[in-house]
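A short write-up of the structure that comes next.
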Amino acid sequence: MTRPRSTTAPTEPTGAGTRTADGLDARLVVDRGAFRLDVALTAAPGDVVALLGPNGAGKTTALRALAGLVPLTDGHLRLDGVALDRTPPESRPVGVVFQDYLLFPHLTALDNVAFGPRCRGASKADARARAAAWLDRMGLADHAGAKPRRLSGGQAQRVALARALATHPRLLLLDEPLAALDARTRLEVRGRLRRHLAEFEAVAVLVTHDPLDAMVLADRLVVVEHGRVVQEGTPADVARRPRTDYVARLVGLNLYRGRADGPTVRLDAGPAVTTGEDLTGPAFVAFPPDAVTLYGERPAGSSARNLWRCEVVGLETHGDRIRADLTGELPLAADLTTVAAAELGLRPGAPVWAAVKATQTHAYPA
């Protein structure tokens with residue numbers, strides 16, 4: 001998904017000097033006991049990069065290393081061509097929005113936002129003027145005098161974002177910025193955040209567990225597992241061609257690896273799958289759960305080129321559908337309606353036949 005990007009640099013609430021912008025060039029190597037993070041990140045000014053990965057993958061460690069809160073064991077960190085490896089956190093041109101926002105409870109929204117400019121040497125009057133301009137830009141001018149306890153979750157998130165942006169950072173770090181919001185507020189705030197990031201002229205790095213947040217907010221996804229980058233690309237590329245089980249689950253696809261010979265992919269662990277592509281050599285094959293048709297008995301006359309005998313392991317509600325977790329000749333996930341699940345009498349242990357048409361699969365080089 002392509003985010004709209006301003007064709008001209010946005011007007012700052014207060015004057016910001018022009019500068020040559022080179023963006024982010026980093027190789028983050030951090031040793032923490034038995035865990036080693038080794039992640040390369042590059043981004044041009046205006047880019048939003050989302051770091052995705054399972055718990056313990058190293059995403060937050062990477063973010064803290066960029067902020068200077070965790071020292072590098074090796075590697076480098078350059079921002080706009082300036083090395084920041086040994087620069088203390090408070091001297092880096094970096095803004096951070098923490099997961100819980102960490103607003104000062106005794107300060108008003110205005111003074112929370114003014115705190116950053118004051119720390120950077122601005123006068124009290126100038127800092128408050130900048131803060132007022134940022135709150136107005138965030139649609140919070142009427143809440144300038146409110147303390148955090150009187151703000152909603154969405155309002156607090158915007159105050160935290162304004163505080164991070166008020167120092168004109170060249171790198172904006174967002175640590176699960178929507179995680180503390182309820183579903184309804186999250187939808188509204190995600191849209192606002194998307195617009196603000198589209199106007200941000202420097203580099204933004206977002207850590208999130210939510211694939212929708214990543215797909216909507218980011219220009220590029222970087223997937224980290226066990227401290228290493230396992231896949232990166234545009235949201236569309238990653239969603240269409242997952243390369244690990246984690247990414248496949250994230251985007252909701254069944255994923256297998258094998259060796260292709262024409263339209264047939266012989267899986268490393270399992271049967272052959274007939275696909276719509278013509279490949280040779282190591283390959284992945286993927287298909288969505290809703291491409292799977294289930295039968296109580298072996299179907300006669302089915303046009304599906306792929307048919308496997310399976311057994312139901314578990315069932316769960318998935319949106320307005322039922323997702324069946326299957327094992328057998330080919331372990332897979334299948335989505336079907338509640339009515340179809342009832343008609344098939346699905347339950348753990350029930351035998352089923354699973355069929356997938358070749359045209360509904362997608363094969364690509366491994």
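Values in this text are rule-based calculations from the coordinates and carry no lab data. Everything quoted here is computed from the prediction, not taken from an experiment. Cβ placement follows ideal geometry from the backbone for every residue including glycine, while neighbour counts extend to all protein chains displayed.
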Label-point separation in nm, L107 to A236, each point 7 Å along Cα→Cβ:
4.2 nm
Net charge contributed by nearby residues that have their C-beta within less than 10 Å of H362 (K/R +1, D/E -1):
+1
Using only the alpha-carbon atoms, what does the chain span along each of its principal axes? Please give whole angstrom values in decreasing order.
80, 43, 43
Given +1 on the Cβ of Lys and Arg, -1 on the Cβ of Asp and Glu, and no further charges, what dipole in debye does the chain carry about its Cα centre, rounded to the nearest 20?
860 debye
Between T338 and R184, how many nm apart are label points set 7 Å from Cα along the C-beta direction?
2.2 nm
Just want the ordering: Y101, Y256, Y364, from fewest to most Cβ atoms lying within 10 Å of their own Cβ.
Y364, Y101, Y256
How high is the relative contact order of segment 50-183, given as a whole-number percent (alpha carbon pairs under 8 Å, six or more residues apart)?
32 percent
Where Rh denotes the Kirkwood radius from the mean inverse Cα pair distance, what is Rg over Rh for segment 252-365?
0.98
Relative contact order, percent, of segment 252-365 when contacts are C-alpha pairs under 8 Å separated by at least 6 residues?
32 percent
Scoring the chain by relative contact order with C-alpha pairs under 8 Å, at least six apart, yields a percentage of 17 percent
If each residue's Cβ is checked for other Cβ atoms within 10 Å, how do D22, D268, D335 rank with the fewest at the top?
D268, D22, D335
Straight-line reach only, C-alpha to C-alpha below 16 angstrom: list the aspartates and glutamates that K147 could link to, leaving out same-chain residues fewer than 8 apart.
D100, D111
Could you give the nm distance between label points at S123 and Q99, where each point is 7 Å from its Cα heading toward the beta carbon?
4.2 nm
Sorted by Cβ neighbour density within 10 Å, fewest at the top, the residues E188, E277:
E188, E277
